[in-house]
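Readers should treat all values here as calculations from the given coordinates under stated rules, not as data from a laboratory. These numbers were taken from a predicted model, which means no experiment stands behind them. FYI the Cβ positions are ideal-geometry reconstructions off the backbone, even for glycines, and counts take in every protein chain you see.
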Amino acid sequence: MLTQIHPHLERVLGPRIQHPAVLQLLERFGSPAQIRKAGRRGLVTLLRPKSPRMAERLVQDTFTALGPV
């Protein structure tokens, strides 16, 4: 479904789709607009408990994929 909505985001999240942090991100924020609205800091705070080492990199990659507003 991500490939139809936002192909760039799918390239970032697709290979990690089974990771608990990615699943939590997609469950909580179901669209690119909602992810953007949550903001970088909010996403890092949300994801850090599930992926302490990967949270900041995942958020950075996600926002890079989303592109400019």
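Here are a few things to note about the model shown:
- Here is the figure for the range 24-69: residues that are under 11 Å from the mean Cα position of the chain (by Cα) and among the hydroxyl-bearing types (Ser, Thr, Tyr) total 3.
- The one condition in (1) closer than 16 Å to ILE5 by Cβ; (2) touching a helix residue (DSSP H, G or I) at 6+ places or on another chain (Cβ under 6 Å) that LEU47 fails to fulfil: (1)
- Matching entry among THR62, THR45 (being crowded, with 16+ Cβ neighbours inside 10 Å, assigned to a helix (DSSP H, G or I) and polar (S, T, N, Q)): THR62
- Test result for PRO32, touching a His at 6+ places or on another chain (Cβ under 7 Å) and without any contact (Cβ under 8 Å) to a residue 60 or more places away in the chain: yes
- Scanning the range 48-59 for residues that are buried (at least 17 other Cβ atoms within 10 Å of the Cβ) and of a type in the set (A, V, I, L, M) returns ALA55, LEU58, VAL59.
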